Amino acid sequence: MAAETASLLPSQAFPSQPTKISSIKTLAESPGLTSIPATHTFTPDLHDQVICVPEGSIPVIDYSLLISGTPDQRSKTVHELGRACQDWGFFMVINHGVPENLLSSILDGCKGFFDLPEEEKQEFKGNHVLDPIRSGTSCNVSVEKAFYWRDFLKFFVHPVFYSPTKPAGLSEISLEYSQRVREVARGLLKGISESLGLEGSYIDKALNLEQGKQIFVANLYPTCPQPELAMGLPPHSDHGLLTLLIYNGIGGLQIQHEGKWVNVCALPNSFLVNTGDHLEILSNGRYKSVLHRAMVNSKATRISIAMIHGPSLDSVVSPATELLVSSKGNEPAAYVGMKYKDYLELQQSNKLDGKSCLDRVRSSSLATASVCVPNHEGNNDTSMIS
Ligand code: OGA
Ligand code: NI
């Protein structure tokens, strides 16, 4: 049956009800699949050139120096962190102290989840963006026209810890992993605060990180027979402050740097860190959130885990007032304040599309734009933010 389906033309094989494809994993495992359905096809952008940057150009931060280095090593590392955020919005973190075997067991645990029978994964489907556990395919199938070559599992791990109850052991490992990664993220945010000329605890206090939202996102990118026509995740920025990502050794992450796409390969046991929209807002645009995307391949299944660290859900985030006054005079706030919770709903209920969500809170766009915040029934309440 599956072989028969796969030999049909893609658009005939998978007619106009793409949400019927409940997982890319099942689709990718159809025997004899040689082409991808029209519903999952993207036209390659011919101008979309990927460049290789010389080895060593992506910034590397030695976390141990930030935490227990000499005062000189510490201030040098804070400076490097600032440069990395400003010039790249992206860096790798080494010597972070999270044990190597914890990184491999959390990746194995996520693989175990994706390997569960489809009906069991469906138990964790979730409906609303603020449901604490959600699994599914693509990003947001209710608003997308074409679908991504990706299955996902997302769950909230802080301030309240949730986790799927299957497979056995995932809950315990993800609790430990989340705690260890959160510690590293807070250490980095302390250094980042200082790099902005603020007190080390500034971001922690201003955005109530004690109650900070931490979201565990596991991505599965199965092998794809036509990787040049598929997309794992489209260009986007993450909504939080910092995302710390690991993957199973199969590359696919690209970041945008100076207008060009750059392939990223992690140093062994490092975290790949990208700056999110809320760091851009808080820093009044000094540290721009980085655009990134995930590509797929025909040889090996890729799994990544992105851990998103944001403010507390009720924090209203606006540019730090301390950054708006300087010896050169006053600088206007480039973004308006918005509750993190509303921003999250706004981004997650719409198509993932570059930095379009952030554009809606830019001060310059306010004269003409209104912001749509979906309510919990999924209707759109249009409200002007001012
Ligand atoms: C994400 C993301 C990239 C990757 O989950 O937000 O950007 O390499 N993932 O999987
Ligand atoms: Ni991302």
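The values are calculated or read from the model by the stated rules, or taken from the named source; none is laboratory data. As the structure is a prediction and not an experimental result, all values here were calculated from the model. Here the Cβ positions follow ideal geometry from the backbone for every residue, glycine too, while neighbour counts run over all protein chains shown. Ligands, DNA and RNA are stripped out before the accessible areas are found, and what is left, the full protein with its side chains, is counted by its heavy atoms. Shrake-Rupley method; radii C 1.70, N 1.55, O 1.52, S 1.80 Å.
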Inset, instruction - Report the extension gain between ASN101 and GLU183 in nm, rounded to one decimal, defined as 0.36 nm multiplied by the number of residues separating them, less their alpha carbon distance. - result: 27.8 nm
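Rounded to the nearest 0.05, what FRET efficiency is calculated for THR34 and HIS79 with R0 set to 51 Å and r the Cβ-Cβ distance?
Details: r = 52 Å, r/R0 = 1.02.
Once the sixth-power term is evaluated, E becomes 0.45.
Where the only charges are on Cβ atoms (+1 Lys, Arg; -1 Asp, Glu), what is the dipole of region 165-321 about its Cα centre, to the nearest 20 debye?
Working: 13 positive and 13 negative charges, 72 e Å.
Result for region 165-321 is approximately 340 debye, rounded to the nearest 20.
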Inset, instruction - Give the longest segment of the chain that steers clear of trypsin sites (Lys or Arg not before Pro) in DSSP loops with at most 11 neighbouring Cβ atoms within 10 Å, not counting the sites themselves. - result: 146-298
Legend entry - Sequence-distant residues sharing a close amide H with GLY240 (under 5 Å, placed H): ASP277, HIS278
Legend entry - Per-selection metrics, the chain (Cα): Rg and Dmax in Å: 20.8, 72
Legend entry - Gained length - SER171 relative to SER298, 0.36 nm times residue gap less alpha-carbon distance: 42.6 nm
Legend entry - Relative contact order for the chain, counting Cα pairs under 8 Å that sit 6 or more residues apart, in percent: 18
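Would you mind computing the Rg to Rh ratio of region 100-249 from its alpha-carbon coordinates, Kirkwood style for Rh? Walk me through the numbers before you get to the answer.
Values: Rg = 16.8 Å, Rh = 17.0 Å.
Here Rg/Rh amounts to 0.99.
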Legend entry - Where only alpha carbons of region 116-201 are counted, the Rg and the Dmax (Å): 16.9, 52
Legend entry - Square roots of five times the Cα gyration tensor eigenvalues for region 263-347, Å: 32, 17, 11
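Please report, in debye to the nearest 20, how large the charge dipole of region 65-168 is about its Cα centre when each Lys and Arg carries +1 at its beta carbon and each Asp and Glu carries -1 there.
Working: 11 positive and 13 negative charges, 57 e Å.
For region 65-168, the charge dipole is close to 280 debye.
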Legend entry - Rough spin-label spacing in nm, given labels placed 7 Å along Cα→Cβ, for VAL53 and SER142: 3.8
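Taking the Cα centre of the chain as origin, sum charge times position over the Cβ atoms of Lys and Arg (+1) and Asp and Glu (-1), and report the length of that vector in debye to the nearest 20.
Once rounded to the nearest 20, the dipole reads 280 debye.
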Inset, instruction - Rounded to the nearest Å, what's the spacing between the alpha carbon centres of region 157-226 and region 270-349? Just the number, please. - result: 14
Inset, instruction - Would you look at the GNM of the chain, springs on alpha carbons closer than 10 Å, and say which of LEU175, LEU272, LEU352 moves the most? - result: LEU175
Inset, instruction - Report in % the part of the accessible area of the chain that belongs to carbon and sulfur, leaving out ligands and nucleic acids; probe 1.4 Å. - result: 52
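Which order do the peptides 52-61, 223-232 take when ranked by the mean count of other beta-carbon atoms within 10 Å per residue, highest first? Mind showing how you got there, number by number?
On the way: 52-61: 12.7, 223-232: 19.1.
Peptide ranking by packing, descending: 223-232, 52-61.
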Inset, instruction - Could you state the angle between the C-alpha long axis of helix 100-114 and the longest principal axis of the C-alpha atoms of the chain, as a value from 0 to 90 degrees rounded to the nearest 10? - result: 40
Inset, instruction - Would you list which lysines come within 21 Å of LYS111, measuring only between C-alpha atoms, while excluding same-chain residues fewer than 8 positions from it? - result: LYS25, LYS121, LYS125, LYS154, LYS166, LYS299
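For the chain, what is the mean residue ellipticity at 222 nm derived from helices alone (per DSSP H run of n ≥ 4: -39500 (n - 2.57); sum divided by total residues; nearest 500 deg cm²/dmol)? Each step should come with its number before you reach the end.
Working: 12 runs with 108 residues, N = 386.
Mean residue ellipticity at 222 nm (helix-derived): -8000 deg cm²/dmol.
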Legend entry - Cα gyration tensor of region 44-114 - equivalent ellipsoid semi-axes, whole Å, descending: 27, 25, 9
Inset, instruction - Give, as ranges by residue number, the residues of region 34-72 whose backbone N falls under 16 Å from the point 7 Å along Cα→Cβ of GLU258. - result: 49-59
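Can you pull the Kirkwood radius for region 181-252, inverse mean 1/r over Cα pairs, to one decimal in Å? Please report the intermediate quantities before stating the final value.
On the way: mean 1/r = 0.0669 Å⁻¹.
Evaluated on region 181-252, it is 15.0 Å.
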Legend entry - Accessible area per residue in Å² at 1.4 Å probe, computed on the chain: 45
